[in-house]
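Reviewing the structure listed below.
The values are calculated or read from the model by the stated rules, or taken from the named source; none is laboratory data. Since we're looking at a predicted model, the values are computed, not measured. Methodologically, a virtual Cβ is constructed for each residue, glycine included, from the backbone with ideal geometry; neighbour enumeration extends over all protein chains shown.
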């Protein structure tokens, strides 16, 4: 369990292994041996080391085999590691080819998404036997679907119905192992719910479908990605407070930063290396008192400049420790304020995950020579912030 000296309490802090390519379990396990153990040696060579595991559908099918799962559990015990959270957002391929909007398929209107997510919880329930006593488990997932898919009302009802079925399965697993399990839906730009008000409205509708049944408050919640809320020009610490005031659980916090720029002609040109072909990079622009939303940075850069737009927030996860330049700003202050809120109230959320998955597509000047160096620097940044104010 990663701790910061002088912090009010302990948090489970990990980096998300979605930064490493790998779709099968053999590829995923290879990255744990090649990279994760080196990161552990660099930042916490002694004591239990937390892992934020990314499992796509293919890898989850492999790992669900009892013999393979047992071997991995023994590997965790041998290397003094444990898994407390699984990233279940990307179902399919996530590196090395066009991902873009396909990362939202299959969405929560489909049985495939439900079956995959339940499988992840079944795996996690087994792996938690190698975790510290009392450690719960979280799985993060997409926020229902993607708005451009133009879901009709029946599809939206199917999303809520599948989430309720998932909550039922999570409850049964949680009771069976005596651990706290929960699913975190991750608001993201241009998804079914992307802002705090939309998130609150979604959960209110979900709850209304089962009047008097408040189990959703325990088993369903929000995977709070700081980059995503910053892209909405929201103050993340205020958003956290609003969600908690509505009784919505903060299942996990993704510590992540977005690009923040003034869209001058020079900046537009400098942004072209960020408009890469793998991931979708939604953009929110401030124009006067309002906001404009664009599906992808590459598409926006093809449009003529609009002098009414004074700031862009780009959904491109940049390193937490990235230094700002005259050209490129970031939203790291949002992470600082979230971590300050956690120092003040550690019970707000104990599952923290650094999620700069874009290392492989970052422009060279923002990317460390070795991914282990990059991840180690992010750990140092987070632990310094968590320990800020310690005597």
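Scanning region 254-296 for residues that are in contact (Cβ under 8 Å) with a residue 40 or more places away in the chain, farther than 30 Å from residue 221 by Cα, in contact with a strand residue (DSSP E or B) (Cβ under 8 Å, 6 or more places away or on another chain) and not in a helix (DSSP H, G or I) returns 261, 262, 263, 271.
All told, residue 338 falls short of being surrounded by 21 or more Cβ atoms within 10 Å (Cβ to Cβ), assigned to a strand (DSSP E or B), in contact (Cβ under 8 Å) with a residue 60 or more places away in the chain and at negative phi. If you go through region 346-369 and keep only what is in a loop (DSSP other than H, G, I, E, B), in contact with a helix residue (DSSP H, G or I) (Cβ under 9 Å, 6 or more places away or on another chain) and surrounded by fewer than 24 Cβ atoms within 10 Å (Cβ to Cβ), you end up with 350, 362, 363, 367, 368. Being touching a residue at least 12 places away in the same chain (Cβ under 8 Å) and part of a loop (DSSP other than H, G, I, E, B) is the filter; apply it to region 47-81 and report the residue that is surrounded by the fewest Cβ atoms within 10 Å (Cβ to Cβ). The extreme case among them is 47. Among the criteria (1) at pLDDT 95 or above; (2) more than 22 Å from residue 116 (Cα to Cα), the one residue 237 does not fulfil is (1).
Within region 128-140, if we keep just the residues that are modelled with pLDDT of 95 or more and touching a helix residue (DSSP H, G or I) at 6+ places or on another chain (Cβ under 6 Å), the residue that is nearest to residue 178 (Cα to Cα) turns out to be 137.
Yes or no, residue by residue, for (1) in a helix (DSSP H, G or I); (2) under 30 Å from residue 100 (Cβ atoms); (3) touching a residue at least 12 places away in the same chain (Cβ under 8 Å):
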residue	(1), (2), (3)
121	yes, yes, yes
126	yes, no, yes
139	no, yes, yes
163	yes, yes, yes
166	yes, yes, yes
194	no, yes, yes
198	yes, yes, no
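Of the residues making up region 356-391, those that are within 19 Å of residue 340 (Cα to Cα) and either under 22 Å from the mean Cα position of the chain (by Cα) or without any contact (Cβ under 8 Å) to a residue 12 or more places away in the chain (or both) number 9. Among the residues of region 378-391, those identified as surrounded by 16 or more Cβ atoms within 10 Å (Cβ to Cβ) and modelled with pLDDT of 95 or more are 378, 379, 381, 382. Among residues that are touching a residue at least 60 places away in the same chain (Cβ under 8 Å) and in contact with a strand residue (DSSP E or B) (Cβ under 6 Å, 6 or more places away or on another chain), residue 84 is included. What are the residues in region 243-259 that are out of contact with any helix residue (DSSP H, G or I) (no Cβ under 8 Å at 6 or more places or on another chain) and buried (at least 16 other Cβ atoms within 10 Å of the Cβ), if any? Matches in region 243-259: 251, 252. When the criteria are applied in full, residue 229 meets the requirement of being at pLDDT 95 or above, assigned to a helix (DSSP H, G or I), under 19 Å from the mean Cα position of the chain (by Cα) and within 17 Å of residue 146 (Cα to Cα).
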